[in-house]
Amino acid sequence: MSPLSASAGYRRWVCWLGLILAAFAAGEIAEPVLPAPHLLTPLLAGLALAVLGLIAHQVPGGLNRACQAALGVLMGSYLNPAGLHQAAAAMLPLSVVTAATILLSLGAAAVMARMGHVDWPSATLGMVAGGSAAVVSIAGDLNADGRLVAFLQYLRVAMVAATAPLLVSWLLASHSAASPLLDTDGELGPVVTGAHQSVGLILLASVALAGTLIGRAVRLPSPALLGPMLLTAALTLSGTVEGFAPTGFLRTVLFTVIGLDIGLRFTRPALARVGRLLPLAVACTITVSAACAILAWLLATMEHIPLADAYLATTPGGINAVLATAVATHADVSLISGVQSFRLFTMVLLAPLLIRLSRGEGQRRGGPGDASQAEP
């Protein structure tokens, strides 16, 4: 490599570092007013930069894959023994509720594909109720349009985050003590969940790399995310190794890069298409959320748990927004964390299979095929 090209590469990485830090700072500023601010704010910033023509490049591929691997570790860590133990007594109805939520997601995806003329992979990933950050990050790997997936996912997260505190306050009939399970992700100090930060970072890098290599070896779809996620879940559930999941500053940087990458993919035609889909997307999101509320009522009736706890456990919103609401309203965080993490893990793991099923259904019905990579 010539000195000139090396210098150009160095300047390029410095520019990307500055852009990521600026997007991170914008997310910090927007935290009081936006749900998932470190995803949505960089996404909006990247969108503005792309539409205005100020940046015509995507986040470097190596950085994007590294963030996917670290995000996979984070997703796998949600499947923790404490939450699952709390939810174990109701595992059968919870499994039924999760299966029903998957069917609701597929039904909403069919409506989006048919009425909104959205390709099947994008419609399916966009309406999957759980794991929004992970789903968005693997959209490109599954031949889906990441812009539409991000729009549909974060519309749902925003709507649930905005309404959950009001609904829970209305539903809450009894208060249970808040659980200490939820860690202080907002703290800037620790970057992994364990007490020994240097050891945790080494473990994080090792599990991310090993999981990616295993994912490639067994030909998993999106191996950079699903490989580390499965390996982390196995280690977490076995109790072999712990304390290496991203948190605090590192976690928000991961979300920042993912949001920025999606935002930079928008163009003016793509933005116009998103605007045209807004009424249908809102209607589908409200329908799925209402159906999940009915499932919550059934779960509360069968398992004799407070309706507010059941609602937070089954609502199709971002897990972080839901857990924050649970703590603020003194709900049963252990139960809610267990149910939400179980569904999140299941949804992200089944996403590739759902894509294949929905693509086959779309071909049988004469719907759109793999047009997701074409310009809207």
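The values are calculated or read from the model by the stated rules, or taken from the named source; none is laboratory data. Since we're looking at a predicted model, the values are computed, not measured. Cβ sites come from the backbone with ideal geometry, for glycine too, and all protein chains shown count toward neighbours.
List of remarks:
- The lone criterion from (1) at pLDDT 90 or above; (2) surrounded by fewer than 19 Cβ atoms within 10 Å (Cβ to Cβ) left unmet by Met112 is number (2).
- Residue in the stretch 180-191 that is surrounded by 16 or more Cβ atoms within 10 Å (Cβ to Cβ), in a helix (DSSP H, G or I) and either under 19 Å from the mean Cα position of the chain (by Cα) or at pLDDT below 85 (or both) present: no
- Taking the stretch 192-239 as the range and being on the phi > 0 side of the Ramachandran plot and either surrounded by 21 or more Cβ atoms within 10 Å (Cβ to Cβ) or not charged (D, E, K, R) (or both) as the test, the residues that pass are Ser222, Gly239.
- Lone unmet requirement of (1) within 17 Å of Thr101 (Cβ to Cβ); (2) modelled with pLDDT of 65 or more; (3) assigned to a helix (DSSP H, G or I) for Ser358: (2)
- Scanning the stretch 246-295 for residues that are within 19 Å of Leu47 (Cβ to Cβ) and of a type in the set (D, E, K, R) turns up Asp261, Arg265, Arg268, Arg273, Arg276.
- Helices (runs of 4 or more DSSP H) lying entirely in the stretch 203-309 (those with 1 or more residues that are modelled with pLDDT of 85 or more, over 21 Å from the mean Cα position of the chain (by Cα) and closer than 22 Å to Met127 by Cα): 268-303
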